[in-house]
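The values are calculated or read from the model by the stated rules, or taken from the named source; none is laboratory data. Note that this is a predicted model, so its numbers are computed, not measured. Here Cβ is always computed from backbone atoms with ideal geometry, including for glycine, and neighbour counts include all displayed protein chains.
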Amino acid sequence: MIEPKEALDIILNNVKSLPAKKVFLEKGLGHVLVNDIKAKIEVPLFDNSAMDGFAIHKQDLGTKNCLKVIGEVKAGQKTSKVASKGKAISIMTGAPVPKGAAAVIPIENVDEDKKKKTIDIKSAANDRDNIRNKGEDIKKGSVLIKKGTILKPIHIALAASVGVSEVKVFEKPKVSIVVTGNELKRPGTILKAGELYDSNSFLLKSLLLKNNFDVAYVAKTKDNLDKTIRTIRKAIEKADVVLTTGGISVGKYDFVSLALEKIGAKRFFNKVKQKPGKPLSFFTYQNKAIISLPGNPVAVATCFEIYAKPMLKKMSGTNDLAHKEIKAEAAQPLKRHKKRTNYIRVNLIKKNGSYVAKTTGFQGSGVLSSMLADGIAVLQKGNENLKQGELVKVIDLEGNYK
């Protein structure tokens, strides 16, 4: 039985980033960028109007003159017209600013006589009013998006704005989920005595999708060695990572570890000094990673956050693997385990600029409702309990459970 830090280190040291590939820009969403994206053009590429209005010459700035309208320029259109004293050019939002123009007066700040083709300025303009200057947003040659960035919608838009059509990204790991247990039934069926609804596959699939990982395969297998072997083989074939739940303890019908050994998987550990989640195992097989999670739902969620999520992030190409942590005062005494790290589900309350951690209630590993939490308080093993008001480290669940 090993310590949680050792278990995480073993997992992370035995996986690596998946290969890089070029994809169309819109397909890059959620992937990790391999190389910096540099701007090959300036944005805007030319001075353009920020409003519908009239482009005027610098000698008409600060005046309320009557000006002759000598033409019009639309967005996407060039004009040969030149602004000069006493003459204005009608201009649309986004259209190139004509030569000689020093400002754009919004249409609502003039009285326009369309018959006479004149405008009377109601509110004087200042130099460069309502003109978007060339390069004011993005300079040519600047690093627009740094390598290692997980591409979000704004990154896709920024890349598009400088003409990028393809990006080089790391592949995201495809994940298979295998849940075990004769007693588990799909929600919507009628339960018989001794049966339970399967929540683990729904929990894991939802967590994977929420965290932007791809789910390749979901299956349930009965407590039978041959069926477990067949299901796990199929799960491995379809994915880069397999997450199993249940069937890894020392019970008569726990076949997951044995099935993995039968197919030739290498086991690195099978117990971790933690509560919940003691019967946690990690295997590799043909460059695939397999984490065998306990069957209790709280242990599934806790171990996903502490072990599976950082592993999947590393395989996705990011170096940002550390859990976001918060220091909080304990709202009540918290019990330590003498020999194991204790993970306690808590809600966080902001008080006088700091956080207070309050347990979500009964902490049994089968009490799934206890995961309606803001975070997981980490209590290192020891003989003395944490007193009320003492500081505790809390893993921030970042809104994934509330």
Q: Filter the range 368-381 down to the residues that are under 27 Å from the mean Cα position of the chain (by Cα) and part of a loop (DSSP other than H, G, I, E, B), then identify the one that is surrounded by the fewest Cβ atoms within 10 Å (Cβ to Cβ).
A: 372
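Select from the range 333-362 the residues that are within 21 Å of residue 4 (Cβ to Cβ), in a loop (DSSP other than H, G, I, E, B) and free of Cβ contacts under 8 Å to residues at least 60 places away in the same chain and list them in ascending order.
335, 336, 338, 360, listed by residue number.
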Q.
Considering only the range 166-175, I want to know if a residue exists there that is in contact (Cβ under 8 Å) with a residue 24 or more places away in the chain, aromatic (Phe, Trp, Tyr) and part of a strand (DSSP E or B).
A. yes
Q. Is there a residue in the range 58-80 that is assigned to a loop (DSSP other than H, G, I, E, B), modelled with pLDDT of 95 or more, closer than 14 Å to residue 125 by Cα and among the aliphatic types (A, V, I, L, M)?
A. yes
Q. Which of the residues spanning the range 161-197 are surrounded by 16 or more Cβ atoms within 10 Å (Cβ to Cβ) and among the polar types (S, T, N, Q)?
A. 161, 176, 180
Q. Residues of the range 218-257 being of a type outside the set (D, E, K, R), out of contact with any strand residue (DSSP E or B) (no Cβ under 7 Å at 6 or more places or on another chain) and either touching a residue at least 60 places away in the same chain (Cβ under 8 Å) or part of a helix (DSSP H, G or I) (or both), which ones?
A. 225, 229, 253, 255
Q: Take the range 64-116 and flag every residue that is of a type in the set (Lys, Arg) and within 43 Å of the chain's Cα centre (by Cα).
A: 74, 78
Q) Does the range 133-149 contain at least one residue that is in contact with a strand residue (DSSP E or B) (Cβ under 9 Å, 6 or more places away or on another chain), among the hydrophobic types (A, V, I, L, M, F, W, C) and part of a loop (DSSP other than H, G, I, E, B)? A) no
Q: Working only within the range 345-390, note down all residues that are within 17 Å of residue 304 (Cα to Cα) and acidic (Asp, Glu).
A: 374
Q | Residue check for residue 12: assigned to a loop (DSSP other than H, G, I, E, B) and surrounded by 15 or more Cβ atoms within 10 Å (Cβ to Cβ) | A | no
Q) Do we have any residue at all in the range 113-130 that's on the phi > 0 side of the Ramachandran plot, surrounded by 15 or more Cβ atoms within 10 Å (Cβ to Cβ) and either part of a strand (DSSP E or B) or touching a residue at least 40 places away in the same chain (Cβ under 8 Å) (or both)? A) yes
Q | Test for residue 60: is it surrounded by fewer than 14 Cβ atoms within 10 Å (Cβ to Cβ), farther than 30 Å from residue 274 by Cα and in contact with a Leu (Cβ under 9 Å, 6 or more places away or on another chain) | A | no
Q: Would you be able to tell me the number of residues in the range 198-211 that are in contact with a Ser or Thr (Cβ under 8 Å, 6 or more places away or on another chain) and either farther than 25 Å from residue 312 by Cβ or surrounded by fewer than 17 Cβ atoms within 10 Å (Cβ to Cβ) (or both)?
A: 0
Q: Return the pairs, sorted by first residue and then second, in which the second residue is surrounded by 13 or more Cβ atoms within 10 Å (Cβ to Cβ) and part of a helix (DSSP H, G or I), the first residue lies in the range 150-165 and is in contact (Cβ under 8 Å) with a residue 40 or more places away in the chain, the beta carbons are less than 7 Å apart, and the residues are 6+ apart or on different chains.
A: 151/28; 156/25; 156/28; 159/25; 160/25; 164/25; 165/25
(Q) Tell me the residue from 389, 317, 361 that is surrounded by 14 or more Cβ atoms within 10 Å (Cβ to Cβ) and at positive phi, please. (A) 317
Q) Got a number for residues in the range 15-29 being in contact with a helix residue (DSSP H, G or I) (Cβ under 9 Å, 6 or more places away or on another chain) and assigned to a loop (DSSP other than H, G, I, E, B)? A) 5
**Q.** Count - residues of the range 273-332 that are in a loop (DSSP other than H, G, I, E, B), in contact with a Cys (Cβ under 7 Å, 6 or more places away or on another chain) and of a type in the set (A, V, I, L, M)
**A.** 1
(Q) Given the criteria loosely packed, with under 13 Cβ neighbours inside 10 Å and either more than 27 Å from residue 303 (Cβ to Cβ) or at pLDDT 95 or above (or both), does residue 40 qualify? (A) yes
Q) Do you know which of the residues in the range 246-263 that are touching a helix residue (DSSP H, G or I) at 6+ places or on another chain (Cβ under 8 Å) and of a type in the set (Val, Ile, Thr) is surrounded by the most Cβ atoms within 10 Å (Cβ to Cβ)? A) 256
Q: Kindly indicate whether residue 260 is within 25 Å of residue 28 (Cα to Cα) and touching a strand residue (DSSP E or B) at 6+ places or on another chain (Cβ under 7 Å).
A: no
